[in-house]
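The values are calculated or read from the model by the stated rules, or taken from the named source; none is laboratory data. Quantities reported herein were computed from a predicted structural model and do not represent experimental measurements. As a convention, Cβ positions derive from the backbone with ideal geometry for all residues, glycine included, and neighbour counts pool all protein chains shown. Side chains are part of the model used for accessible areas, which takes the heavy atoms of the whole protein and leaves out ligands, DNA and RNA. Shrake-Rupley method; radii C 1.70, N 1.55, O 1.52, S 1.80 Å.
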Amino acid sequence: MAGAGNSTYGWVWRGVRAVLAGLAAIGLALTNIALLGVSVVVFALVPVPFLGMALVPWTMTLVRKRADLERRRAARAGVLVPRPYQPPPERGIPGGWRRFRWIVTDPATWRDLAWLLPGAIVAITLGLISLAVPLYGIVGLTLTPLWIWLGTDWYGYGAVWSIDTFSEGLISLPQGAAILAGGLWAAPWIRRVDAYFARLLLAPTRAAELRLRVTQLTVTRADTVDAQAAELRRIERDLHDGIQARLVSLGMMIGLADELIDRNPTAAHEMLAEARESSGTALVELRHLVRGIHPPVLAERGLGGAVRALALSLPVPITVDVDLPGRLDTPVESAAYFAVAETLTNLVRHSRAHTGSVSLRQADSALTMVVTDDGAGGADPVAGTGLRGIERRLAAFDGTMALSSPPGGPTVITMELPCALSSPRTTHSSGTG
């Protein structure tokens, strides 16, 4: 029943939030006008030595913060508005020539300025509409009690409809309820119209998107090269310090056994037994090393089966839910597996969780992986818990990672990878590791 009530009246709460957002938009629109006035004055001072050059970056930082706030508000309304700004210069102090040139040569700077006044006008207009219609409905609902309380012989609802009797006043009740409901229903759509208008100027142009894409590819390529180099160093270190040393020791034991086999057969047999045990250990280490490169279970059973096998090997109970309509491309499958594996490793080592879950879904040419736990929370990519490595691994395939980990938990890590199916085999299962 509670779920039915939420679905029945959810639009009411969404409408109320949208009306409050419209009221906030009116207030923020006034800051647009103030920022535009300050910007005009600051750019007029550019010819003044040092003064304009120092004030322009500071002022445009405020303008960009206001534009970023509008982008976040648009995202809450369901309209995505990416940031279009060029990356800042690597060197140069704030207010210096390099920073000034970076600001004024970025087309997004002028698009932000061009948005301030039209954005304020549209926000105020739409905010007043989204606020006025529900208020007009509330007036209709309260008109009859107010008319009785005032004891007047004449009262009007709106500009032309006069009320002279109590029965005429009752007619305003359903009319006010309908107007109020219509205003609350329309308020979220009015917010989306405001967000779409903001996207016209605050979103990157096609040329800016291309520049940002090139910059992103440059960064991800460098990260991928670094990651691959680090992986090669790890494999070389594991081979040198582990398996190679064990094989050298194995060769020495076999050589000593060969020398002792005539003089002391018992000692020779003991050394051969020790060598046999050492060869088995080396074989196990080699298998572990191969699994770290590309697990055989991933090639044999696919992503879902590999994740379930991984969950079974962990000390924390992990529920695995898989809904994949087929096998993925091998590079994407490998990246997804190791991203989930690293996330689960962090869960075991750092979260102090009692249970966890993994959900794998493929829809709209995108693989979505959600890893949750009931641990202590507080995960932070800056803290060096492997999350930055996961981000770099996913970024190499245009993937993204979103983290929600408030203190006290729960922690929810959502990872997405663009993907395509390479075979039509169906995998749909769930289980607990």
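Quick one: would you say GLY169 is modelled with pLDDT of 70 or more and either over 30 Å from ALA396 (Cα atoms) or assigned to a loop (DSSP other than H, G, I, E, B) (or both)?
Here the answer is no, as GLY169 does not meet what is asked.
For residues that are touching a residue at least 60 places away in the same chain (Cβ under 8 Å) and more than 15 Å from ALA311 (Cβ to Cβ), tally how many sit in the stretch 332-350.
Of the residues in that region, 2 qualify.
Would you check if VAL340 is among the aliphatic types (A, V, I, L, M) and at pLDDT 80 or above?
For VAL340, the condition - among the aliphatic types (A, V, I, L, M) and at pLDDT 80 or above - is met.
Quick check on this structure: which one of LEU69, LEU55, LEU28, LEU62 is under 30 Å from VAL133 (Cβ atoms), assigned to a helix (DSSP H, G or I) and over 24 Å from the mean Cα position of the chain (by Cα)?
LEU28
If you go through the stretch 304-348, how many residues are open to solvent by less than 40 Å² (accessible area, probe 1.4 Å) and of a type in the set (Asp, Glu)?
Total satisfying the criteria: 1.
From (1) of a type in the set (Val, Ile, Thr); (2) assigned to a helix (DSSP H, G or I); (3) modelled with pLDDT of 80 or more, pick out the condition that doesn't hold for THR414.
Against the list (1) of a type in the set (Val, Ile, Thr); (2) assigned to a helix (DSSP H, G or I); (3) modelled with pLDDT of 80 or more, THR414 comes up short only on (2).
Looking at ALA4, ALA24, which is the one that is modelled with pLDDT under 90 and either within 20 Å of THR105 (Cα to Cα) or open to solvent by 20 Å² or more (accessible area, probe 1.4 Å) (or both)?
ALA4
Under the condition of being buried (at least 16 other Cβ atoms within 10 Å of the Cβ), in a loop (DSSP other than H, G, I, E, B) and of a type outside the set (Gly, Ala, Ser), which residue from the stretch 350-389 is modelled with the highest pLDDT?
ASP374
Taking the stretch 74-114 as the search range and keeping residues that are modelled with pLDDT of 90 or more and open to solvent by 20 Å² or more (accessible area, probe 1.4 Å), which one is farthest from VAL38 (Cα to Cα)?
By that ranking, first place goes to ARG111.
Which condition does GLY37 not pass, out of (1) among the small types (Gly, Ala, Ser); (2) modelled with pLDDT of 90 or more; (3) buried (at least 17 other Cβ atoms within 10 Å of the Cβ), if it passes all the others?
Every listed condition holds for GLY37 apart from (3).
Please state which of the following conditions GLU300 fails to meet, knowing it meets all the rest: (1) open to solvent by less than 10 Å² (accessible area, probe 1.4 Å); (2) closer than 25 Å to GLY399 by Cα.
Looking at each condition in turn, GLU300 falls short on (1).
Looking at the stretch 186-203, I want the residues that are open to solvent by less than 30 Å² (accessible area, probe 1.4 Å) and have a partner that is outside any helix (DSSP H, G or I) and among the small types (Gly, Ala, Ser) with Cβ atoms under 7 Å, at least 6 apart or on another chain. Which pairs are those?
ARG191/ALA77; ALA195/ALA77
Here are VAL320, VAL307: which of them is of a type outside the set (Asp, Glu), modelled with pLDDT of 85 or more and outside any helix (DSSP H, G or I)?
Of VAL320, VAL307, the one residue that is of a type outside the set (Asp, Glu), modelled with pLDDT of 85 or more and outside any helix (DSSP H, G or I) is VAL320.
Within the set of pairs 6 or more residues apart or between chains, which connect a residue that is farther than 10 Å from LEU324 by Cβ inside the stretch 355-366 to a residue that is loosely packed, with under 15 Cβ neighbours inside 10 Å with Cβ atoms less than 7 Å apart?
THR355/PRO317; SER365/PRO418; SER365/ALA420; ALA366/PRO418
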